[in-house]
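Below is one structure, written out as structure tokens, with a few remarks after it.
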Amino acid sequence: MIKKSCFIVLVLTLYCIVCHGIYEKSIKITKKENNPSITIKETQEKDQIGYLKIDKINLYEPLYEKNSSKNNIEEHVTILKESKMPEEENSIIFLAAHSGTGKIAYFENLDELTIDDKIEISYHNTKYYYQISNIWEENKTGYIHVNQTNKKQLILTTCSPKKDDKQLVISSNLI
């Protein structure tokens, strides 16, 4: 019970950091004038272990090793240290990023996602596809309530774009 409580406290602490401030977003996806497809920069940087891709909201962002200096909320979508990566048993990946506006508000359109939407994670040159199973908002209390299942999970979290006292949580399962 204490271990689970510590885990939740750590996740929420990092979540609060995500929600702090509004920053400018760097653009790595560009739309062509009359073409709804996206052009993605496919360069691999040092410490990059893969990427997060959500076609519905035109999101494509690199992911970095948990212990990398680039794995921080002020520059990128962040893998929280409590995450268990996809090759691990009972994996559960927690990704956090800023919402709102600005250069690093990578999750600014996260509220446009719906149940059954797809999310792609590339991790060490293997692609994993997740399907959204649940979306909810919680009061900002310092905790995120996530029911870990026997399926491999991906959890996205950010501040609610519409309610200052809420946090948005999106849960998805490996398909």
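Please treat every number below as a calculation from the coordinates, not as lab data. As the structure is a computational prediction, the values presented were derived from the model and not from experiment. No Cβ is skipped: glycine too gets one built from the backbone with ideal geometry, and neighbour counts run over all protein chains shown.
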* Structure fact -> Length gained if Asp47 through Lys151 is fully extended, taking 0.36 nm per residue and subtracting the Cα-Cα distance, is 34.7 nm
* Structure fact -> Beyond 24 Å (Cα-Cα) in this structure, taken from Lys56/Lys103; Lys84/Lys151; Lys84/Lys118; Lys53/Lys163; Lys46/Lys162, we find Lys53/Lys163; Lys46/Lys162
* List every residue whose amide H lies under 5 Å from the amide H of Ile49, counting only residues 5 or more places away in sequence or on a different chain, with H placed 1.01 Å from N in the peptide plane. => Leu63, Tyr64, Glu65
* Asked: If the cut-off is a Cα-Cα distance under 20 Å, which aspartates and glutamates reach Lys66, setting aside same-chain residues fewer than 8 apart in sequence?
  -> Glu45, Asp47, Glu74, Glu75, Glu82, Glu87, Glu88, Glu89, Glu120
* Structure fact -> A chain fully extended from Thr101 to Ser68 at 0.36 nm per residue, minus the present Cα-Cα distance, gains in nm 9.4 nm
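Under 10 Å from the Cβ of Leu168, count the other residues' Cβ atoms, weight Lys and Arg +1, Asp and Glu -1, and hand me the total.
Charge balance near Leu168 sits at 0.
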* Asked: Can you give the net charge of the other residues whose Cβ lies under 13 Å from the Cβ of Asn134, counting K and R as +1 and D and E as -1?
  -> -3
